[in-house]
1. Does region 118-137 include one or more residues that are outside any helix (DSSP H, G or I), in contact (Cβ under 8 Å) with a residue 12 or more places away in the chain, within 13 Å of the ligand (Cβ to nearest atom) and surrounded by 20 or more Cβ atoms within 10 Å (Cβ to Cβ)?
2. Determine if region 13-20 includes at least one residue that is outside any strand (DSSP E or B) and closer than 18 Å to residue 323 by Cβ.
3. From the list 22, 26, 94, 99, exactly one residue is within 11 Å of the ligand (Cβ to nearest atom), at pLDDT 95 or above, closer than 24 Å to residue 430 by Cα and within 20 Å of the chain's Cα centre (by Cα). Which is it?
4. Here are some residues: 347, 383. Which one is surrounded by fewer than 16 Cβ atoms within 10 Å (Cβ to Cβ), more than 30 Å from residue 545 (Cβ to Cβ) and either touching a strand residue (DSSP E or B) at 6+ places or on another chain (Cβ under 7 Å) or in contact (Cβ under 8 Å) with a residue 60 or more places away in the chain (or both)?
5. Looking at the structure I just gave you, is residue 283 farther than 24 Å from residue 93 by Cβ, under 30 Å from the mean Cα position of the chain (by Cα) and within 16 Å of the ligand (Cβ to nearest atom)?
6. Can you tell which of 190, 200 is within 24 Å of the chain's Cα centre (by Cα), part of a loop (DSSP other than H, G, I, E, B) and farther than 15 Å from residue 371 by Cα?
7. Using the structure shown, decide if residue 49 is touching a residue at least 24 places away in the same chain (Cβ under 8 Å) and either in contact with a helix residue (DSSP H, G or I) (Cβ under 7 Å, 6 or more places away or on another chain) or in a helix (DSSP H, G or I) (or both).
8. Out of all the residues in region 293-306, is one or more under 19 Å from residue 569 (Cα atoms), touching a helix residue (DSSP H, G or I) at 6+ places or on another chain (Cβ under 8 Å) and within 14 Å of the ligand (Cβ to nearest atom)?
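The values are calculated or read from the model by the stated rules, or taken from the named source; none is laboratory data. Since this is a predicted model, take the numbers as computed values, not measurements. Heads up, the Cβs are rebuilt from the backbone with ideal geometry, glycines too, and the neighbour counts pull from every protein chain shown.
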Ligand SMILES: Cc1cc2nc3c(=O)[nH]c(=O)nc-3n(C[C@H](O)[C@H](O)[C@H](O)COP(=O)(O)OP(=O)(O)OC[C@H]3O[C@@H](n4cnc5c(N)ncnc54)[C@H](O)[C@@H]3O)c2cc1C
């Protein structure tokens, strides 16, 4: 049983590093920083510990976790305009040790090299693909695939992944049976199966890795990989049920703010721990900006009406948010007799038992994890790609457009990615799980939706109350920029077009969403608007950019205007990619 702290062990004590949020990034950092026995580290996590929790360990546990406040914060957006009928959108985010890595869909992919190089181009020295790969390989322990039952084989280069890091990663041994036919259909459209997907060249189709233990077939997350193996270090304390409410600072804008302590709520009471070196926020892209604003660091015009004294006027906090938007469909009812495996089938213990035969070495029941992915540039998806690019370029360059100078510069780098015919702008994923019913029970369904890789619309997340227990206000500005709808529509059409080729078309009984009546671009756009959602990859709310370009943190992840407050979670990404970087060593290097 891991050694979790009690409040009385830590209240009023001084720690070198205080980590606010024991999620994906926070626990990597806790591990790395506490490697040095001469520094003291405390993790304050709002949720519970979930040690050996079977729901978390189960690779398909994420479906019930989505609707359970024990594991998930249950946040919602503001009503969304832009033809979205003022609908509210669910924003999922993990709660408890491991954070979102304990509730996510286990999909383990790496971005295109240009996605990461863009960070360096935006003024962040060292944030490039070579370094990303170095840290990524240090983290992962990728295991060779066990022989696959089906034709959907992993294609990857052994040297593109790490083999002895703390995080076990593997290829799920089974698949739904739709992935390989989809690959063949996409190949007819010029989207080929590749082996470079984990080496920075991602345009094509390939089997995704999963954060799945190769033998036990359990989820691997940051708690099991990074925290529990080292939790008995005497210099590391972990307090769960501890909601960080603010960073207590001294100094002013002229000298820079210094974090002296962190306040947290535990069991209805408020306490402090004192800071000797750094306060590190890793509460995720929705909650890290909330903690900063509650601490008086943020946009004066937001803080003062709430009665919060502005210690540091940094209006960029909580802006520049981006997310991966998707929709339902094209979705199909599948024909009988094709050995299709869906989420519903795999939940049946008898069915799973029968699958085990070829896998004597595997200990746990065989899971189904989403593993069929395709990534492609707009140029491949839309005949009018150049026209669309010219239109958004003209808008960005037009002085009359409502963009700040900083955002305009970020957009220029984002435009380079859009113009590059090798860099993906949209993704297709095979989803053999029905989170909402697709049709009459007892039939097999699969959803093969597009996902917008890099939206131009920018949202916000801010507090609207001084109460730290009140949820922040999320306004994602979905489809505010027309180009986003154009790109996702192009992706939708590619997904649908692939289904006209054998063997893909032979396994499909009928399209259930949106169905054969939806044909024209306008009809498809209407369908997307009424079925849009996010896959919960929010980034950008504390962007790592030069301050005059809209930055909140510098390239060493320190909040501008502060001497010792950092943000290390996904909120630092200035432009969205499909994965997360490991930040621990940067902070460590600064101090050791
Ligand atoms: C349902 C779902 C499915 C996903 N599927 C995938 C996938 O398959 N593949 C993929 O690559 N990505 C996926 N993602 C995204 C990915 O998991 C996250 O983007 C990533 O894990 C975020 O890491 P983080 O460190 O930024 O934040 P998190 O891991 O969310 O950590 C934040 C932590 O801070 C804690 N916290 C928040 N506020 C406070 C506070 N005030 N005080 C103390 N603690 C606090 C939270 O409880 C949480 O533990 C998914 C996300 C979700 C929600």
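1. Within region 118-137, not a single residue is outside any helix (DSSP H, G or I), in contact (Cβ under 8 Å) with a residue 12 or more places away in the chain, within 13 Å of the ligand (Cβ to nearest atom) and surrounded by 20 or more Cβ atoms within 10 Å (Cβ to Cβ).
2. No: zero hits.
3. Details: 22 fails: closer than 24 Å to residue 430 by Cα; 26 fails: closer than 24 Å to residue 430 by Cα; 99 fails: closer than 24 Å to residue 430 by Cα.
From the options 22, 26, 94, 99, the qualifying one is 94.
4. 347
5. No: the conditions fail for residue 283.
6. Result of the check over 190, 200: 200.
7. No.
8. Step one: filter region 293-306 for residues under 19 Å from residue 569 (Cα atoms), giving 293-295, 297-298.
With the extra rule that they be touching a helix residue (DSSP H, G or I) at 6+ places or on another chain (Cβ under 8 Å), the set shrinks to 293, 298.
Cutting the leftovers down to within 14 Å of the ligand (Cβ to nearest atom) gives us 293.
Looking for residues that are under 19 Å from residue 569 (Cα atoms), touching a helix residue (DSSP H, G or I) at 6+ places or on another chain (Cβ under 8 Å) and within 14 Å of the ligand (Cβ to nearest atom), one finds at least one in region 293-306, hence yes.
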